[in-house]
Amino acid sequence: SKRVANHSNDIVAYFHDEEVGNYHYGERHPMKPHRLTLTNHLVIAYDLHKKMEVFQPRRATDEEIMDFHAPDYIDFLKRVTPENMNNFSKVFSRYNVGDDCPVFDGMFDFCKIYSGATMDAARKLTNGSADISINWSGGLHHAKRVEASGFCYVNDIVLGIFELLRHYPRVLYVDIDIHHGDGVQEAFYATDRVMTVSFHKYNGDFFPGTGDIDEIGSGIGKHYSLNVPLKDGIDDDSYIYLFKSVMEAVINSFRPSAIVLQCGADSLGCDRLGCFNLSIKAHGECVRFIKDFKLPLLVLGGGGYTIRNVARCWAYETSILVDHEVSNDLPYHEYIDYFQPDYKLHPHLSGKVENMNTKQYIRNLRIKVLEHLRFLNG
Ligand SMILES: CN1CC(C(=O)N[C@@H](CCCCCC(O)(O)c2ccon2)c2nc(-c3ccccc3F)c[nH]2)C1
Ligand SMILES: [Ca+2]
Ligand SMILES: [Zn+2]
């Protein structure tokens, strides 16, 4: 196929399924797959698809999904529907299906699409046909081996990392969703081949409730899990200062051979479920910082509930990944009305929530996190 290079000569593979945005969690549910349709339309309106190799992803098979998940759990996901779910009422709680993780029409097809895309995207890196691989429908970091959690049913990230581990000795997972990447941390808690790093709000109550700084891994995996617990309202400068100093030290010590970046957009200001003050520029700055290490990079989506800003964020980050500057004036397209009244790519998002992260807190946190890294034989 024709090589589609861009200024940095990185080959960027982009996975999008035309149907994935049509699935619906339910009326009052904050997770809206329609944000993926908005994102893809913005990517195309900005002509970014011309800088990438675009693929329709394959659906994951049951066998591939059972590489991580328990057969009984997958069998349940496969069979339960809104019509027959009353016959499964006793297993509902066992598999944690219900209000956060509802049974909706086509739920398991949705899982096969986003998981197949993450595995296809990982394969583009392992077979050397891309330097960067993007799947905005993936990044569902809460799903556990035998349990749905936090709007996540199948953990596509674990499946994608399994694919990378077939080819690379060490994989680094980075998670900038406002929620702790507990499902991925748990899956790799006892191994030193995957280092998981999550930046998130932490106060003991905020979902999922895990992700304190003392969760550092176990057994041979000790010191290969890193958590950066934050308070409400963190601003651009503090977040970027912390992100860059921590990730620089992590990459220099762990020396990963590939990186997976979960770009949950609920860490942006004005998010419906979030409480940080990040701008789209700052969120994107994290993506650019990781990209600039020029290691094979798998970029995934995640949370994000003010969907006009999720689309802005992931389209902007797509432009960073293909090294193509885009205008702050959004191009006209079918969904332009979602972006009124400003019709800009970078609206003002911060200032809604008071920043509870004092300069002292950030300084101490940075010192404590870097101290943990001293145990890595790097
Ligand atoms: C007893 N139950 C657990 C408690 C809880 O507070 N769950 C969180 C779950 C938040 C999930 C965040 C998902 C994610 O952004 O991290 C994500 C999604 C995909 O990848 N990452 C939550 N649910 C909701 C919610 C659910 C249904 C309807 C309305 C809601 F507000 C908001 N926040 C309630
Ligand atoms: Ca996180
Ligand atoms: Zn989240």
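The values are calculated or read from the model by the stated rules, or taken from the named source; none is laboratory data. The structure displayed is predicted, hence computed values, not measured ones. In this analysis, Cβ positions are derived from the backbone assuming ideal geometry, glycine residues included, and neighbour counts consider all displayed protein chains. Heavy atoms of the whole protein, side chains included, go into the accessibility calculation; ligands, DNA and RNA do not. Shrake-Rupley method; radii C 1.70, N 1.55, O 1.52, S 1.80 Å.
Can you tell me how many residues in the stretch 262-283 are of a type outside the set (A, V, I, L, M, F, W, C), open to solvent by less than 10 Å² (accessible area, probe 1.4 Å) and either without any contact (Cβ under 8 Å) to a residue 24 or more places away in the chain or assigned to a helix (DSSP H, G or I) (or both)?
Of the residues in that region, 3 qualify.
Hey, any hits in the stretch 214-232 for a residue that's within 16 Å of ligand 2 (Cβ to nearest atom) and open to solvent by 40 Å² or more (accessible area, probe 1.4 Å)?
Yes, the stretch 214-232 has at least one match.
Since S93 meets every condition but one in (1) crowded, with 17+ Cβ neighbours inside 10 Å; (2) within 16 Å of ligand 1 (Cβ to nearest atom), which condition does it not meet?
Every listed condition holds for S93 apart from (1).
Here's a check for you: in the stretch 156-195, which residue that is β-branched (V, I, T) and outside any helix (DSSP H, G or I) is farthest from ligand 1 (Cβ to nearest atom)? Walk me through it before giving the result.
Here is the first cut: in the stretch 156-195, the ones β-branched (V, I, T) are 157-158, 161, 171, 174, 176, 178, 184, 191, 194.
Okay, now just the ones that are also outside any helix (DSSP H, G or I), so 171, 174, 176, 178, 191, 194.
Numbers: V171: 19, V174: 14, I176: 11, I178: 7, T191: 22, V194: 18 Å.
Checking each candidate, the answer is T191.
Taking N309, is it of a type in the set (S, T, N, Q), closer than 28 Å to V154 by Cα and modelled with pLDDT of 95 or more? Reasoning before the result, please.
On the way: of a type in the set (S, T, N, Q): yes; closer than 28 Å to V154 by Cα: yes; modelled with pLDDT of 95 or more: yes.
Answer is yes for this residue.
Has the stretch 284-295 got at least one residue that is open to solvent by less than 50 Å² (accessible area, probe 1.4 Å), under 17 Å from the mean Cα position of the chain (by Cα), within 16 Å of ligand 3 (Cβ to nearest atom) and modelled with pLDDT of 95 or more?
The answer is yes; a qualifying residue exists.
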